[in-house]
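Q: Take a look at this one; I'll ask things after.
Where a number appears in this text, it was derived from the coordinates with a stated rule and is not lab data. A quick note: this is a predicted structure, and the numbers were derived from the prediction, not measured.
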């Protein structure tokens, strides 16, 4: 019985230091190629979410406009007019009970800032935008604005 165990142990061999080093180098090379591609994905996902949110809010604004004689909420009334009847400016006489957004609040952009709403807009009936990760107008790449008129 002991002889069999000794034979089995003698036949089993571990990895050499060189074999382990080769594997570690290969893993390191793969990591340097893959990690940068994966790291860009969260920012890309945030920008996609902002575009989707802007589309949903724009659709809600169009429903508001249909219910209220062709008028969008004013800049002063803001996007809050989509979740509660406006209290300032021209009042919405046919405001839909329950509001125009599924969630009973105006969403924040993926960077936890408010969406910017201007009506009448410079690019259409209204302008709706997120200032991106820096929260400031303009910017490039991850700091670039996400705008309703560019969709």
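Q: For the chain, what is the calculated [θ] at 222 nm in deg cm²/dmol (nearest 500), taking -39500 (n - 2.57) for each run of four or more DSSP H residues and dividing by its residue count?
A: Calculated mean residue ellipticity at 222 nm is -13500 deg cm²/dmol.
Q: In addition: Mind pulling the angle between the C-alpha long axis of helix 2-11 and the longest principal axis of the chain? Nearest 10 degrees, somewhere in 0 to 90.
A: Approximately 60 degrees, to the nearest 10.
Q: Helix 17-39 sits at what angle to the longest principal axis of the chain, using alpha carbons and giving 0 to 90 degrees rounded to 10?
A: The angle comes out at about 10 degrees.
Q: When the chain is treated as a GNM, springs tying every alpha-carbon pair under 10 Å, which of 50, 31, 87 comes out with the largest mean-square fluctuation?
A: 31
Q: Follow-up question, since we're still on this one. What is the mean projected area of the alpha carbon convex hull for segment 43-150, to one decimal in square nanometres?
A: Answer in nm², one decimal: 6.5.
Q: If contacts are Cα pairs under 8 angstrom and at least 6 residues apart, what is the relative contact order of segment 29-91 in percent?
A: 17 percent
Q: For segment 43-150, what does the relative contact order come out to in percent, with C-alpha contacts under 8 Å and a separation of six or more?
A: Value for segment 43-150: 25 percent.
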